[in-house]
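The values are calculated or read from the model by the stated rules, or taken from the named source; none is laboratory data. Computed from a predicted model, the values in this text were never measured in an experiment. Backbone-built Cβ (ideal geometry, glycine too); neighbour counts: all protein chains shown. Just so you know, the surface numbers come from the protein's heavy atoms only, side chains and all, with ligands and any DNA or RNA stripped out. Shrake-Rupley method; radii C 1.70, N 1.55, O 1.52, S 1.80 Å.
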Amino acid sequence: MIQPRTLKGFRDHLPAQALARERVLDVARRVYRSYGFAPIDTPALEYLEVLTGKGSEETDKQLYRFTDHGGREVGMRFDLTVPFARFAAQHVNELGLPFKRYHMATVWRGENTQRGRYREFMQCDFDTIGTTSPVADLEMVLVVHDLLAAIGVERFTIRVNNRRVLGGVLGRLGLAAQATGVLRSLDKLGKASPEAVAAELAAQGVAESAAATLLEMAALSGPAEQVLGRLAELVGEEGPGAAGVAALRGIIAGAAAAGVPAGRVVIDPGIARGLDYYTGIVLESFLDDLPSLGSICSGGRYDDLAGLYTKQPLPGVGASLGIDRLLAGLEELGQGGGPETPAQVFLAHFDAAHLADYLRIAAALRRAGLAVEFFPEPKKLGQQLKLASKRGIPAALVIGGDEFAAGTAQLKNMAAETATTVAWHGDEQILLAAVRALLATRG
RNA sequence: GUGGCUGUAGCUCACUCGGUUAGAGCACCGGUUUGUGGUACCGGGGGUAGCGGGUUCGAAUCCCGUCAGCCACCCCA
């Protein structure tokens, strides 16, 4: 016997989880489309050179790679941004700019697993390329907000920063050259103590006063106006830092104008993110009740998406929802419960002699858009109802020989444990109306 | 990838110093005289104790390896 098992970091999805995932995907699709983002898709497999081109050592280590049957060196995509860069370079001329796309697909990373960290998981990306407008930046924040709100996440916070603020402060402190190391250390705040981070900074040759300034900046929190005020002092009157602060001001004002509840979007100067290609706004979002899960939706602005593949500069801004991490978080918070079946109506298979009638009834209900589960065999009624009950199907129709003779049907409200008799006399529209009325009472 | 913790039925767990055919609750399947669910009663299936090896007269219990989950680091969704 072969032991049935799955690879480390790869998971099966039972109906309850798969349905929860599809619900989130449906919401994401709807929200993305509501802003005019268009769907694209790309292959799971790419030429290795396409994926490793900009490759940091880190992504290189995580890449699933192999030689295919034709001797080609190939790799499985580890995010949706790199394939999009290739895609954009290859198709700009057909797309027109600015171009807004969303892409929801599976990616693979051979890294060590943990809660909310898998080797196979889905990302739901959206990007706007071909414009440097702050409106595009703002729109990203709005999409993230609408997305999490529409998914039904009860408590979340979108943390926003701007790389130019970080750059500006580092510049004024004369630390521009060692930005990467400094940012990496600052990023540990929240996990490591300020003292530990200060020590790490000192080890990099950062002066004590400069370190104090950086720590103060990264720890700034509170009302946006207050944080922005202090940041403005730290970055000075002019230069990139001041521009970054102004941009953040615009984001806060724009989010408010668009109706985002105050407090959902906060300025967090400690957000540095993937120190490589982000150049402007950066954002991360967290579940307030489970911050240790990490960011569930992150992104930012980049100067040049596809420089590796084309000479045409393609600036853009985008973010990615980690749907599997989000679902893991919601489940842990007890917000993940849901039905085990999409069926809305259970049609009991009572009397085999009336099979044709059952098929006609099911077809009529399905044509009307209802999800109908017709039991495949004329098993004992009690067992059929037990299954319907366990699955959480809200409505059940029981129609046996007596009912057919009388022109009636028994319609059960499974949750309320009640039943009504519907006189339909062969008219499926009457049955349909009765079922719809029942379903409507439960929202 | 590095370090640590964990691994007994689908799930949550038990098995006192290693000692006979590894148990319970829930879940699942069936029944309670053949047309009605979530309650009750009765019965049933399911575990070579993740897998492999070692120590021992004897291991779920000790040791090693491996696989997997979790935690920290790294990085990130």
Would you mind calculating the relative contact order of segment A:345-440 from Cα pairs under 8 angstrom and at least 6 residues apart, reporting the percent as a whole number? 28 percent
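Carbon and sulfur together cover what percent of the accessible area of chain A at a 1.4 Å probe radius?
C and S atoms contribute 52 percent here.
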Pseudo-spin-label distance residue A:60 to residue A:45, built 7 Å along Cα→Cβ, given in nm, is 2.4 nm
Filter A:379/A:412; A:8/A:390; A:61/A:100; A:100/A:191 down to the pairs with a C-alpha to C-alpha distance above 24 Å, please. A:8/A:390; A:61/A:100; A:100/A:191
Short version: what are the Cα gyration tensor semi-axes of segment A:1-154, square root of 5 times each eigenvalue, largest first, in whole Å? 28, 24, 13
DSSP H helices in chain A with Cα extent of 24 Å or more along the helix axis and mean Kyte-Doolittle hydropathy at least 1.0? A:134-151, A:240-257
Can you figure out the FRET efficiency of residue A:360 with residue A:120, using R₀ = 45 Å and their beta-carbon distance, to the nearest 0.05? 0.55
Could you size up the charge dipole of segment A:15-332 around its Cα centre, putting +1 on the beta carbon of Lys and Arg and -1 on that of Asp and Glu, and report it in debye to the nearest 20? 360 debye
List the equivalent ellipsoid semi-axes of segment A:70-211 in whole Å, largest first, each obtained as the square root of 5λ for an eigenvalue λ of the Cα gyration tensor. 33, 22, 20
Per residue convex hull volume, Cα atoms of chain A, in Å³: 210 Å³
Phi-derived 3J(HN,Hα) across segment A:115-130 with the Karplus relation (6.51, -1.76, 1.60, θ = phi - 60°), rounded Hz, x for Gly and Pro, is 4, x, 10, 10, 8, 10, 8, 9, 10, 10, 8, 9, 9, 10, 10, x
Let me see the P(r) profile for segment A:369-421: every Cα-Cα distance counted, bins of 5 Å, each bin given as a percent of all pairs. 4, 17, 29, 28, 18, 4, 0
Please state the equivalent ellipsoid semi-axes for segment A:130-214: what are the square roots of 5 times the Cα gyration tensor eigenvalues, largest first, in whole Å? 32, 18, 8
Taking the Cα atoms of segment A:345-440, report the difference between the largest and smallest coordinate on each principal axis, in whole Å and largest first. 30, 29, 23
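Compute the length gained on full extension between residue A:416 and residue A:209: take 0.36 nm times their separation in residues and subtract their Cα-Cα distance, giving the result in nm to one decimal. Don't skip to the end; give the middle numbers.
Details: separation 207, 0.36 × 207 = 74.52 nm, distance 6.78 nm.
Contour length minus Cα-Cα distance gives 67.7 nm.
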Once the piece of chain linking residue A:7 and residue A:97 is laid out straight, how much longer is it, given 0.36 nm per residue of separation minus the C-alpha distance between them? 28.2 nm
